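Shown next, in structure tokens, is the structure this report addresses.
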Amino acid sequence: MAVTRRQFLVAPAMLAATTALPGGLLAALAAETPVVPDLSDWSRVRAQFALDPSYAHFASFFIVSHPAPVREAIEAYRRAIDRNAFRFVEEALFEDDAHNIPLQVRTEMAGYLGGQADEICLTRSTTESLALVYHGLPLKAGDEVLATTHDHYSHHESIRLATERVGASMRKVSLFEEAADASTDRIIERLLAGIGPKTRVVGVTWVHSSSGIRLPVREIASALKTRHGEVLLVVDGVHGLGAADETVATMGADYFCAGTHKWMLGPRGTGLIQASADNWARLRPTVPDFSDLESYVAWTENRAPKTPTNAARMTPGGFHAFEHQWAAAAAFRMHKAMGRDRVAARIRVLNDQLKSGLAENPKVKMHTPRSGDLSAGLVAFEVDGVKPEEVVRQLLAKRIIASTSPYAVTYARLAPSLVNTPEEVDAAVRAVREISG
Ligand SMILES: Cc1ncc(COP(=O)(O)O)c(C=O)c1O
């Protein structure tokens, strides 16, 4: 087992007196943390949410309403920290692996993603994940990052800020004229055609919050590796993680960035980056970490760290809202209990139902591909003669919560998820029909 920061700091004679008791605080916490509830049917899953039942919630991907296992885990950590803030946090961060709570969180996440705990960096959002990756890349003057015209503000701005800093540049290609008509082959063709001699990194979005299209990332990654093996692939995966049945760790992204506070149902203010050891080694950290012993030892010895960058060293340090960060494990456990395939299938059925209903309305133009193979949990659409904000306003008046996409060209969005029923989807279709006149 690796030396811990506490062992490094404390003289051997003192260690016995300060080392955590076997089981210690963690065991006490485990005893008061409820087990994962029965999630074998969708009404039991819906019962985990404290959402206002007088609305149909079709924008819950925007920011999560914590399900009961997450609320309870946050509360258990909060109580434990409030009982003994120093002992609990110090032990959880700096004791050996058996007591290290961030390591337990990363292990849960890695299990769901199909990778290893040491590939996971804990962040607070997709935005923070993207910023850490792009600012960490060894870009230099003259290099180019290729993004697409469809990515989110947080993605484009992370690239702009990182490239500006070093005199590199950013370019964007469009992958389709109309998402609803896009095809895997054409998407790949257009992306590859956009790569130029200066392109070092390509950034794409898995599920677009503008149109609801789900990019075939596995196929994109494979084509990229074959044709441009040296170009790195960064994926904003936030609307796919927890909505699609994918083994993210083998999908082919060099850096997979996502918040875990949307479809993953994790605590608000949590996210991750997943990358291989080789890809972590390419990066330079931006924020000092509290997780990697070598960073700390190097600081005490007034030298630079000797070992390559790893996920722990990329994890922003400082003291955080730990009850939220650590309770992320409960969300991953909940997803494992529901089953990644079952969750994706349920989301697909509800979205297919919505799309079929909207397709019967001649005044509706859908921008999301009809096929569940090229979409996930979001349906973006326009109603002839009614502005998207007005569609959303009128839906709200009917107690249906929709949203507009925050992009230069905006659409109305309905996002059927685990909190919805087929009856609510029917009601949404009827409401859109009434609005369209
Ligand atoms: C595609 C996409 N990327 C990134 C973000 C920002 O997510 P976060 O709040 O986790 O930073 C959003 C927000 O909804 C989004 O739609």
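The values are calculated or read from the model by the stated rules, or taken from the named source; none is laboratory data. Not measured: the values here are computed from a predicted model. No Cβ is skipped: glycine too gets one built from the backbone with ideal geometry, and neighbour counts run over all protein chains shown. Ligands, DNA and RNA are excluded from the accessible area calculation, which covers all protein heavy atoms including side chains. Shrake-Rupley method; radii C 1.70, N 1.55, O 1.52, S 1.80 Å.
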Phi-derived 3J(HN,Hα) across the range 52-61 with the Karplus relation (6.51, -1.76, 1.60, θ = phi - 60°), rounded Hz, x for Gly and Pro, is 4, x, 7, 10, 9, 9, 10, 9, 6, 6
Angle in degrees between helix 153-166 and the longest Cα principal axis of the chain, rounded to the nearest 10: 50 degrees
Cα-centre dipole for the range 340-436 with unit charges at Cβ (Lys and Arg positive, Asp and Glu negative), debye to 20: 120 debye
So who's got an amide H within less than 5 Å of the one on SER169, skipping anything under 5 residues away but keeping other chains? H placed 1.01 Å off N, in plane. GLY142, ASP143, GLU144, VAL145
For the range 380-388, just list the computed ³J(HN,Hα) in residue order, Karplus coefficients 6.51, -1.76 and 1.60, θ = phi - 60°, integers in Hz, with x standing in for Gly and Pro. 9, 7, 10, 10, 3, x, 10, 5, x
Report, to the nearest 10°, how far helix 184-194 tilts away from the longest principal axis of the Cα atoms in the chain, using its own Cα long axis and a range of 0 to 90°. 70 degrees
Quick one: which residues, 5 or more positions from LEU232 or on another chain, have an amide H under 5 Å from its amide H? H modelled 1.01 Å from N in the peptide plane, none for Pro or chain starts. VAL201, VAL202
Per residue, what accessible area does the chain have, given a 1.4 Å probe and all protein chains present, in Å²? 42 Å²
Mind putting a number on the dipole of the range 118-318 about its Cα centre? Charges go on the C-beta only, +1 for Lys and Arg and -1 for Asp and Glu, and I need it in Debye to the nearest 20. 420 debye
Over the chain, with a Gaussian network built from C-alpha contacts below 10 Å, which listed residue (THR226, THR199, THR123) shows the highest mean-square fluctuation? THR226
If you put +1 on each Lys and Arg Cβ and -1 on each Asp and Glu Cβ, how big is the dipole of the chain around its Cα centre, in Debye rounded to 20? 440 debye
Which entries of LYS262/LYS365; LYS262/LYS363; LYS172/LYS355; LYS363/LYS387 show an alpha-carbon separation above 20 angstrom in the structure shown? LYS262/LYS365; LYS262/LYS363; LYS172/LYS355
For helix 126-136, report the angle its Cα long axis makes with the longest principal axis of the Cα atoms of the chain; keep it between 0 and 90° and round to the nearest 10°. 60 degrees
Could you identify which residue out of MET314, MET338, MET264 has the top mean-square fluctuation in a GNM of the chain using Cα springs shorter than 10 Å? MET338
